[in-house]
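Take a look at the structure set out below.
The values are calculated or read from the model by the stated rules, or taken from the named source; none is laboratory data. The structure presented is a predicted model; accordingly, all values stated were derived computationally and were not measured. Quick reminder, even Gly has a Cβ in these numbers, built from the backbone with ideal geometry, and neighbours come from all protein chains shown.
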Amino acid sequence: MIKHLEKLKSWQLAILSGFLIGASFPPFKLGFLAWIGLIPFIRAVFRLTPWKAAGVGYLTGFVTNVLALHWLSFNIGASFPVVFTAMMAAAIYLAIFWAIFSFLFSWIHLQSGAGLVLMPFLWVTLEYGMSLGPMGFPWVSLATTQTDYLPVIQMAEWTGIYGISFWLVTVNVILYGLLTFPRTAWMPRVVRTAIVVIVIVWLTGYGRLVILPETDETKRVDVAVVQPNVGPHEKWQPDKRDWVFDRLDSLYMVAAESEPDLIIWPEAATPAFITKNFRRLYQLKQRIRQTGIPLLTGTVDWSSVKGRRAYHNSAALIREDGSIPVYHKQQLVPLAEFNPFARQLPASEELNLGHYTKGTEETIFQVNEVSFASIICFESVFPTIVNGLNRRGAQFLVIVVNDGWYGTSAEPYQHEAIARLRAIENRYPVVRSANTGISAVIDRRGREVKSMGIGETGVITASIMPVKEHTFYRRHGNWILPWSLLFSVVMVGVGWKRTRE
């Protein structure tokens, strides 16, 4: 294999790695490609100068993100030239982190010879950097590539997604070493190490799936998840608003037949500010009093901030007693729910679908004396947001989603896969209600208990078991990050010192 790689130029190796990593993301069922996908990249940057390595890294990252995020160009919210440009802009932006990673890796390796040892630590540090700020986008974490391998992702209970990424990079480094370094007396030890690193994660994951204790079924919550299958543009057409409400109402009554404890509608389910629209809210409250079943619904909402009206993407729990606690989305989607470039790039307003204000309160809802959190769509990609709500006592998680903007592309499959990681991190049930699919109930092992596919209309019901105990990850969060950052800084310092000598 290495002999074939040696014949390729650096840019060819970069494209090869980009293709392997990009193709490993759902829904292609090719997650195993991520185990070897970095080998051509490592080969390309191993002996390059830092700036040349940065260029190779940038090309690798660009190809990876174009493949992984190609679904951005399927957004029906704007014309194809605009959404294609947005997809390319995302790939260009995220590739910067690959370039920084490659520069540092090359520089440290040339100074200390320890680049391969540092690589997993440096990777998770830069991957975390991709999640920060208003432009944060941890969607393309390497961990997402492994969601089809249930034993592997069980480690998220202890390490979160960054532990999975750390493991993947380590596997690539070890395999690269086996393929390239001379066969010496210490090679058997390296082989044993490779086997342990690769196999132990699988064995531990299988073991955890077997011995994970069952929860107390006496504390179960019965949920009914509604999938109305109403397109995002279709919903707001004036002549279809009554039809949308009628469909939601009929599905609510279908859901009520199973006598659940909670009925869930998806993100922005109704074409109205439901908590402020007296007529529509009155109709809903009448239904809820009739059945005695509370409704959690996604809705657009507004509040008064400093004398001005601020709009929110929200989730509201409408109870039988008339009270309506509301959660406002905290992590907004760049160029879809807010525009960070409105002044610099006025043309980007064509893609901006809403001018929302992010929420600041970590609202916790209650049903049958059980606490739960509800987050909205893109927020499910951010484990830190979920952890913040968990600290306030959430015993299960509801995600209301509108993936209808992307049709039958890879986006809803990737988005649903990420929800499984949240379930394992916290070892509690995750319920996902989507406008057009994929709706699902996911258990604490990360398995789909029930689901409804893209383009289907109906209700899924399930009994979920709320969980109070805290996992290691829930207590300590992304503990792997400060250690990775510390090790990376120390190695940078060692390299810097050697250049001064």
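Would you mind stating whether Ala224 is at pLDDT 80 or above, surrounded by 14 or more Cβ atoms within 10 Å (Cβ to Cβ), of a type outside the set (Ser, Thr, Tyr) and not in a helix (DSSP H, G or I)? Don't jump to the end; show me each part of the working.
Details: at pLDDT 80 or above: yes; surrounded by 14 or more Cβ atoms within 10 Å (Cβ to Cβ): yes; of a type outside the set (Ser, Thr, Tyr): yes; not in a helix (DSSP H, G or I): yes.
In short, yes.
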How many residues of the stretch 266-301 are hydroxyl-bearing (Ser, Thr, Tyr) and surrounded by 22 or more Cβ atoms within 10 Å (Cβ to Cβ)? The answer is 3
Within the stretch 1-40, residues farther than 25 Å from Ala417 by Cα, part of a helix (DSSP H, G or I) and touching a residue at least 60 places away in the same chain (Cβ under 8 Å) come out as Ile2, Ile39
Being at pLDDT 95 or above, under 29 Å from Asp148 (Cα atoms) and part of a helix (DSSP H, G or I) narrows Ala95, Ala89 down to just Ala95
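Name the single residue, out of those in the stretch 104-118 being crowded, with 22+ Cβ neighbours inside 10 Å and of a type outside the set (Val, Ile, Thr), that is nearest to Val171 (Cα to Cα). Break it down into steps so the answer makes sense when it comes.
Let us first name the residues in the stretch 104-118 that are crowded, with 22+ Cβ neighbours inside 10 Å, namely 104-106, 108-109, 115, 118.
Retained after the next criterion (residues that are of a type outside the set (Val, Ile, Thr)): 104-106, 109, 115, 118.
Numbers: Leu104: 20, Phe105: 17, Ser106: 19, His109: 19, Gly115: 15, Leu118: 13 Å.
Among them, the one singled out is Leu118.
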Of the residues in the stretch 398-415 that are buried (at least 24 other Cβ atoms within 10 Å of the Cβ) and modelled with pLDDT of 95 or more, the one that is farthest from Gly437 (Cα to Cα) is Val398
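Out of the residues in the stretch 197-221 meeting the condition of being basic (Lys, Arg) and touching a strand residue (DSSP E or B) at 6+ places or on another chain (Cβ under 8 Å), tell me which one is surrounded by the most Cβ atoms within 10 Å (Cβ to Cβ). Steps first, answer last, please.
Quick first cut of the stretch 197-221, residues basic (Lys, Arg) only: 208, 219-220.
Okay, now just the ones that are also touching a strand residue (DSSP E or B) at 6+ places or on another chain (Cβ under 8 Å), so 219-220.
On the way: Lys219: 15, Arg220: 17.
Step by step, filter the stretch 197-221, then rank; the result is Arg220.
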Inspect all residues belonging to the stretch 146-169 and state whether any of them is in a loop (DSSP other than H, G, I, E, B), surrounded by fewer than 19 Cβ atoms within 10 Å (Cβ to Cβ), in the same structural domain as Tyr58 (by TED's automatic domain parsing) and free of Cβ contacts under 8 Å to residues at least 60 places away in the same chain. no
Trp405: passes all of (1) touching a helix residue (DSSP H, G or I) at 6+ places or on another chain (Cβ under 8 Å); (2) part of a strand (DSSP E or B); (3) of a type outside the set (Val, Ile, Thr) but (2)
Exercise. Scanning for something within 20 Å of Ala462 (Cβ to Cβ) and of a type in the set (Phe, Trp, Tyr), does the stretch 266-274 turn up at least one residue?
Worked result: no
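Given the residues Gly136, Gly160, Gly115, which is the only one that is within 23 Å of His470 (Cβ to Cβ) and either modelled with pLDDT under 90 or touching a Phe, Trp or Tyr at 6+ places or on another chain (Cβ under 9 Å) (or both)? Please lay out each step first, then the result.
On the way: Gly136 fails: within 23 Å of His470 (Cβ to Cβ); Gly115 fails: within 23 Å of His470 (Cβ to Cβ).
After ruling out the rest, the residue left standing is Gly160.
Looking only at residues in the stretch 313-339 that are assigned to a strand (DSSP E or B) and within 21 Å of the chain's Cα centre (by Cα), which one is surrounded by the most Cβ atoms within 10 Å (Cβ to Cβ)? Even if it seems obvious, please write down each step before you answer.
Let us first name the residues in the stretch 313-339 that are assigned to a strand (DSSP E or B), namely 313-318, 326-328, 334, 338.
Narrowing further to those that are within 21 Å of the chain's Cα centre (by Cα): 313-315, 327-328, 334, 338.
On the way: Asn313: 28, Ser314: 27, Ala315: 32, Tyr327: 28, His328: 22, Pro334: 23, Phe338: 17.
Of everything passing the filter in the stretch 313-339, Ala315 is surrounded by the most Cβ atoms within 10 Å (Cβ to Cβ).
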Notebook entry, point to check: under 20 Å from Phe62 (Cα atoms) and not in a helix (DSSP H, G or I) - does that describe any residue in the stretch 117-127?
Noted result: no
Among Pro271, Pro266, the single one that is part of a loop (DSSP other than H, G, I, E, B), touching a residue at least 60 places away in the same chain (Cβ under 8 Å) and of a type outside the set (Asp, Glu) is Pro266
Pairs returned, first residue in the stretch 47-68 that is assigned by TED's automatic domain parsing to the domain that holds Lys9 and at pLDDT 95 or above, second residue that is in a loop (DSSP other than H, G, I, E, B) and crowded, with 24+ Cβ neighbours inside 10 Å, beta-carbon separation under 8 angstrom, 6 or more apart or interchain, are Leu67/Phe25; Ala68/Phe25
